[in-house]
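K.L.:
Handing you a structure now.
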Amino acid sequence: MAKCSICGKPAIAYVPYQRRYYCAEHFADHVLSKVRRTLRKYRLVGGGDRVLAAVSGGKDSAVLLDVLARLKREFGYQLAALHIDLGIGEYSVESRRAVESLVRDLGVPLIVFPVKEALGYSIPEMAMRLRRPACSVCGMVKRYIYNAFGVEGRAKVATGHNADDIMSFALKGFITQDLSSIPKLAPRTPGIEGLAAERIRPLYSVYEKESYLYALVRGLPHYHQECPHARLTSLEFRIKEMINRLEEERPGLKLGFLSKHAKNANQYPRERWEPSPCSSCGLLSSGGECSFCRTTRRLRGEPLGRSVREYARAQLERLGWM
Amino acid sequence: MVRVKLLPEGKVVEVDLQEGDTVRDLLRALGLSSETHVVLVGGTPVPETEKIGAGEVVVVRVLSGG
Ligand SMILES: [Zn+2]
Ligand SMILES: [Zn+2]
């Protein structure tokens, strides 16, 4: 039976790019130290920062919140979790339940944004009324809400994107020749004063398999089912499978890509639009009204950006973050 | 003979293994990558280099969709 390369206990995982075996405890240490190195190398957090972790209820954001809670004192930031209840039936009910039990275990304050209550429609209802794919509406709404909370709370927004998400997103950008999208999931995306919150991606170098195993060995509450709108035939998913076939043949391939990707982030063409304040809510827009305000105007007859910002302020006040 | 439960779908299949076959051989027989799947025996993850005997195992796909 394989033994942990550090302590000799029975191994639960082999990490091919290090040629090392780990027991449960040392595997968790391995992941934690990868995150610690990412936070240091890309200067993602510092003393006095506020970090708002976006938690969906899935494994990656459970890992994100756990590692951020463990590294909080060492780096000196404040931490809270933000969950968006999308109103996608059973999936959202169970996801929210998982998040509530996770934050209880970790002792992290939680803010919930209930989409249906706050905006009048759930994500599937919005998608139907707008005749748009649920995933594109969902992505737009989530981005807006994270940004509104980040800006109002002067906080960095941390998301649970893992190495596989980042590499497949970049490769998709190459395959579709959407070159300006390639560097979007860098370790950090700087904020713009008053318009956009800084985004950080602490799991940048954590493989999806490592994230799964970490959640398992730490016993982190999370919901196993995928969003019913996710598709295993999607280009991103197929790219992930392909990348991992290569990783299996060439251990460390993904790590090599990631460090170059972070370095080359500004080598790709920039988006053509200049950021400007939304004419309705004042947050990031590519000109005129932002897409969230335009969409909610279509749905509800009035733009809802301002009311989301108000809701954010009230919730952040409760945390003492205003 | 190994009885394999595939998660998250929940499908059950049986795989014939040779003496000395490893977790990675089992995954290969199923056409799955060891980078995207974790094998659990009795709920505990097993490294892909480990030998695997007869019995029941769970194979979990760790990739989430897009
Ligand atoms: Zn050990
Ligand atoms: Zn707006």
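K.L.:
Among what's in region A:248-266 and is without any contact (Cβ under 8 Å) to a residue 60 or more places away in the chain and away from chain B (no Cβ under 14 Å), pick the residue that is farthest from ligand 2 (Cβ to nearest atom).
P.N.:
Filtering first and then ranking leaves A:Gly256.
K.L.:
Scan region A:233-245 residue by residue and report those that are open to solvent by less than 70 Å² (accessible area, probe 1.4 Å) and part of a helix (DSSP H, G or I).
P.N.:
If the condition is that a residue be open to solvent by less than 70 Å² (accessible area, probe 1.4 Å) and part of a helix (DSSP H, G or I), then A:Glu236, A:Phe237, A:Ile239, A:Lys240, A:Glu241, A:Ile243, A:Asn244 are the ones that fit.
K.L.:
Moving to a separate point now. Scan (1) within 22 Å of the chain's Cα centre (by Cα); (2) at pLDDT 95 or above for the single condition A:Arg245 breaks and write down its number.
P.N.:
All conditions are met except number (1).
K.L.:
Restricted to region A:183-198, and to residues that are open to solvent by 40 Å² or more (accessible area, probe 1.4 Å) and not in a loop (DSSP other than H, G, I, E, B), which residue is nearest to the other protein chains (Cβ to nearest Cβ)?
P.N.:
The extreme case among them is A:Lys184.
K.L.:
Turning to a different aspect of this structure: Does B:Glu19 satisfy being over 12 Å from the mean Cα position of the chain (by Cα) and free of Cβ contacts under 8 Å to residues at least 24 places away in the same chain?
P.N.:
Taking the combined requirement at face value, the residue satisfies it.
K.L.:
Out of the residues in region A:272-303 that are near ligand 2 (Cβ under 10 Å from one of its atoms) and of a type in the set (A, V, I, L, M, F, W, C), state the one that is nearest to the other protein chains (Cβ to nearest Cβ).
P.N.:
Among residues in region A:272-303 that are near ligand 2 (Cβ under 10 Å from one of its atoms) and of a type in the set (A, V, I, L, M, F, W, C), the one nearest to the other protein chains (Cβ to nearest Cβ) is A:Phe292.
K.L.:
Give region A:266-298 a look and list any residue that's over 24 Å from the mean Cα position of the chain (by Cα) and closer than 17 Å to A:Ile84 by Cβ, or say none.
P.N.:
none
K.L.:
Of all the residues that make up region B:33-60, how many are within 11 Å of chain A (Cβ to nearest Cβ) and open to solvent by 40 Å² or more (accessible area, probe 1.4 Å)? Full working, then the answer.
P.N.:
If we filter region B:33-60 for residues that are within 11 Å of chain A (Cβ to nearest Cβ), which is where we start, we get B:33-41, B:43-51, B:60.
Cutting the leftovers down to open to solvent by 40 Å² or more (accessible area, probe 1.4 Å) gives us B:41, B:43-44, B:49, B:51.
Residues meeting the conditions: 5.
K.L.:
Taking strands (runs of 3 or more DSSP E) that do not extend beyond region A:1-106, which have at least 3 residues that are more than 16 Å from ligand 1 (Cβ to nearest atom)?
P.N.:
A:50-54, A:78-85
K.L.:
Which of (1) within 14 Å of chain B (Cβ to nearest Cβ); (2) crowded, with 18+ Cβ neighbours inside 10 Å does A:Gln225 not meet, given it meets every other one?
P.N.:
All conditions are met except number (2).
K.L.:
Could you give me the residue pairs with C-beta distances under 8 Å whose first residue belongs to region B:31-54 and is of a type in the set (Phe, Trp, Tyr), whose second residue is in a strand (DSSP E or B) wherever it lies, and which are 6+ apart or on separate chains?
P.N.:
That search, which allows pairs on different chains as well, returns nothing.
K.L.:
Hey, can you tell me all the residues within region A:131-182 that are of a type in the set (D, E, K, R), part of a helix (DSSP H, G or I) and within 19 Å of A:Ser285 (Cα to Cα)?
P.N.:
Hits for region A:131-182 are A:Lys142, A:Arg143, A:Glu152.
K.L.:
In addition: With the checklist (1) closer than 26 Å to A:Leu253 by Cβ; (2) touching a Phe, Trp or Tyr at 6+ places or on another chain (Cβ under 6 Å); (3) surrounded by fewer than 24 Cβ atoms within 10 Å (Cβ to Cβ) in hand, flag the one item A:Lys34 doesn't pass.
P.N.:
Condition not satisfied by A:Lys34: (2).
The values are calculated or read from the model by the stated rules, or taken from the named source; none is laboratory data. The shown structure was predicted, so the numbers you read here are calculated from the model rather than taken from an experiment. All Cβ positions, glycine included, derive from the backbone under ideal geometry; neighbour counts span all protein chains shown. Quick note on the areas: whole protein, heavy atoms, side chains included, nothing else; ligands and nucleic acids left out. Shrake-Rupley method; radii C 1.70, N 1.55, O 1.52, S 1.80 Å.
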